[in-house]
Amino acid sequence: MSEQIHVPTMAEYIAQGKQPEVLFWVGCAGSFDDRAKKITKAFVKLLTNAKVDFAVLGTEESCTGDPAKRAGNEFLFQMQAMMNIQVLNGYEIKKIVTACPHCFNTIKNEYPGLGGSYEVIHHTQFLKSLLNEGRLKIEGGKFKGKRITFHDPCYLGRANGEYEAPRELLEKLEVELVEMRRCKTKGLCCGAGGAQMFKEPEPGIKDINVERTEEALEIKPEVIAAGCPFCNTMMTDGVKAKHKEQEVAVMDVAEMIANADEL
Amino acid sequence: MQYLPNIIFFLVLIVGIGYFTMNIRKIIRNVKLGHEVDTSGNRGERWGNVLRIALGQSKMVVRPVSGLMHIIVYVGFVIINIEVLEIIIDGLFGTHRVLSFLGPVYDYLIASFEILALLVLVAVIVFWIRRNIQRIQRFISPDLKGWPKNDANYILYFEMVLMLLFLIMNGADHMLQDMGSEHYTEAGMFPVSIHLFPILENFSEQTLILIERTAWWLHIIGILVFLNYLYFSKHLHIILAFPNVYYGKIVPKGKFRNLDSVTKEVELMMDPAADPYAAPAEGAEAPAKFGASDATDLSRIQLLAAYTCTECGRCTSECPASITGKKLSPRKIMMDTRDRLEEIGKNIEKNGEFKPDGKQLLDDYITREELWACTTCNACVQACPVSIDPLSIIMDMRQFLVMEQSAAPNELNIAMTNIENNGAPWPYNQMDRLNWKNEA
């Protein structure tokens, strides 16, 4: 992991008069959160490995406004959205891939009404299409036969109806995919959505991430697979709260694929 | 005097339907207090939803036990209503089983009504047991305390009594037909009531006529009373589920509405040519209030949904906040919205127009603690069998809190300030956004 990875920016692309195949929208968590940065790097490795011509916005990227909108600050959301749309439209972006379901949902569903229409794909959907096109090879590797459960991110699953792409990728890793009692349309939130990530929860009998982690631990997985940086944090905290961090890992699907054959 | 029963029946029918119509008009008036929403287009998809979700009960069977029971009661309700048509004609014109000219078809029709009536009776008893003995969480949670719990039971008692009266009426009728009693021409097949009430065999013709007439009258009066009870109960869904599903959300669940009023202001702000000191144009409309603090700030669709909610609690039982003991219950959001809307409606009736009563939906009904506990995960929206969106009301009320009152929890204010200043919810410099690529 020590060698420097090549991550071109849109500015560099345009300077050379080129358009990338796809823009990788990194997101705030993917840019700044130590845990999520690992997911970003894993995904970049997969993109490089599959010879995908991609670029990032780098310092020109800014929060999509999702947490502001869900907190009720429509004003701040639309300011963020319009600034981002100006940048994206300026670069004539057509296709965006992101590893964050919140960015994915906001750009896909809420930007078009403000003048920003793009083809927006979640990284698990993109990896699936790379796989189908034969550009990416996934083999079981070190996860083969391991007991894995997938925690559905609300903003990928219920919000946008994508339940299968991450599961298909896991199946390619030849894992033993086990489902939690509440999965897919009935999947339980990790507790981070709706800007909850940035505040303490209201008083109750339990934290939501603990409730969800307990449910995952019931089926005794070796890895809890996630598809969202916030779910990842919440589930990791939950596993720690249950003192199971030695036995159970929380990993993004992209990390699992990148780790499987030690890219 | 020969026509006295017909006249009485006519009057009962007029009063029953008249009072119901009056209350339906109240509902329409109250729903129209909400703002209009553009729902044009997509008619095909919307009608498809009505067929699949409302008529076809597709979301009910996600929970197989209650779903199947509900389908029995629903099918029973719809089909047995064909019998009500006959009862009304008989009542108005003094005929007896006027549809019996259908011959064998009629026999099978009556037989199917009887079987359905028995199934409905059994299902309703199971429902009563689930609500009162089994202690299923969503039926004993605190938001149902008092009237809502009693209301649910009254509905079940109504249905039990109506089905029993229907079967008693048929049983006595069948006995009289066998006796060759005048007026009771042989018609219909009675596979259930024949076995259910063997005791009827011991009665004289006079007593049987008395029983049959009493059951007949109580049955139709009971139906009219039940019809009028709907407005006062949670049971309006039998009618409103259909329009509510039609107007239900058809875009991805994650797509929240962008406020047009905000768009205008943001566009103005980002327009370098705009004069920041310009006075509003002559006759320009005042900027709309952001978000919702009272029921009348909501949309007509949200208000219709409040009347549609039958308080089944599937939303609350899937809500991560409710599950982990927070105060939020999506069901209560809908119940509160309806209660407040009814209060506003009564205020209008009393005063001719709405007189401020010092109350509002926010704080007096729905607390801030409830609103801030939501993770916007859409579990409630997914769970609702009749396409209600409690989340949209929570979001509108959060918008009021944040944009009109700047009353977000402090940690959220910090996150939002960060977004505003440096483009991320955490205090990192935007210029450091690509640093990750150089980190080992």
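The values are calculated or read from the model by the stated rules, or taken from the named source; none is laboratory data. Just so we're clear, the structure is a prediction, and the values are computed from it rather than from any experiment. Positions of Cβ are backbone-derived with ideal geometry, glycine not excepted, and every protein chain shown enters the neighbour counts.
Structure values in brief
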read-out	value
Test for A:G72: is it closer than 30 Å to B:I394 by Cα, at pLDDT 95 or above and at the interface with chain B (Cβ under 8 Å from one of its Cβ atoms)	yes
Residue satisfying all of: in region B:249-289; of a type in the set (V, I, T) and either farther than 30 Å from B:P390 by Cβ or surrounded by 14 or more Cβ atoms within 10 Å (Cβ to Cβ) (or both); farthest from the other protein chains (Cβ to nearest Cβ) among these	B:I250
Hits in region B:89-110 (condition: crowded, with 16+ Cβ neighbours inside 10 Å, within 32 Å of the chain's Cα centre (by Cα) and among the aliphatic types (A, V, I, L, M))	B:L109, B:I110
Scan of region A:23-65 for residues that are outside any loop (DSSP other than H, G, I, E, B) and surrounded by fewer than 19 Cβ atoms within 10 Å (Cβ to Cβ), ordered by number	A:D34, A:R35, A:K45, A:T48, A:N49, A:T59
Residue identified as of a type outside the set (F, W, Y) and surrounded by 15 or more Cβ atoms within 10 Å (Cβ to Cβ) among A:E139, A:E162	A:E162
Tally, over region A:209-232, of residues that are in contact with an Asp or Glu (Cβ under 7 Å, 6 or more places away or on another chain) and part of a helix (DSSP H, G or I)	3
Every residue from region B:420-440 that is buried (at least 16 other Cβ atoms within 10 Å of the Cβ) and touching a Phe, Trp or Tyr at 6+ places or on another chain (Cβ under 9 Å)	B:N422, B:A424, B:P425, B:W426, B:Y428, B:R433, B:W436
Odd one out for B:D38, checked against (1) outside the structural domain of B:E159 (by TED's automatic domain parsing); (2) in a helix (DSSP H, G or I); (3) not small (G, A, S)	(2)
Conditions (1) in contact with a Ser or Thr (Cβ under 9 Å, 6 or more places away or on another chain); (2) touching a residue at least 40 places away in the same chain (Cβ under 8 Å); (3) within 14 Å of chain B (Cβ to nearest Cβ); number of the one not met by A:R158	(2)
Identity of the residue in region B:371-424, at the interface with chain A (Cβ under 7 Å from one of its Cβ atoms) and among the acidic types (D, E), that ends up nearest to the chain's Cα centre (by Cα)	B:E411
Whichever residue in region B:378-411 is without any contact (Cβ under 8 Å) to a residue 12 or more places away in the chain and assigned to a helix (DSSP H, G or I) and, among such residues, is surrounded by the fewest Cβ atoms within 10 Å (Cβ to Cβ)	B:N410
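Okay, residues lined up against (1) within 20 Å of the chain's Cα centre (by Cα); (2) outside the structural domain of A:L177 (by TED's automatic domain parsing):
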| site | (1), (2) |
| --- | --- |
| A:N89 | no, yes |
| A:I96 | yes, yes |
| A:P101 | yes, yes |
| A:T106 | yes, yes |
| A:P112 | no, yes |
| A:I121 | yes, yes |
| A:G145 | no, no |
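Conditions (1) touching a Lys or Arg at 6+ places or on another chain (Cβ under 9 Å); (2) farther than 30 Å from B:L4 by Cβ, marked per residue:
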{"site": "B:L68", "(1), (2)": "no, yes"}
{"site": "B:V73", "(1), (2)": "no, yes"}
{"site": "B:V84", "(1), (2)": "no, no"}
{"site": "B:D90", "(1), (2)": "yes, no"}
{"site": "B:F93", "(1), (2)": "no, no"}
{"site": "B:F113", "(1), (2)": "no, no"}
{"site": "B:L118", "(1), (2)": "no, yes"}
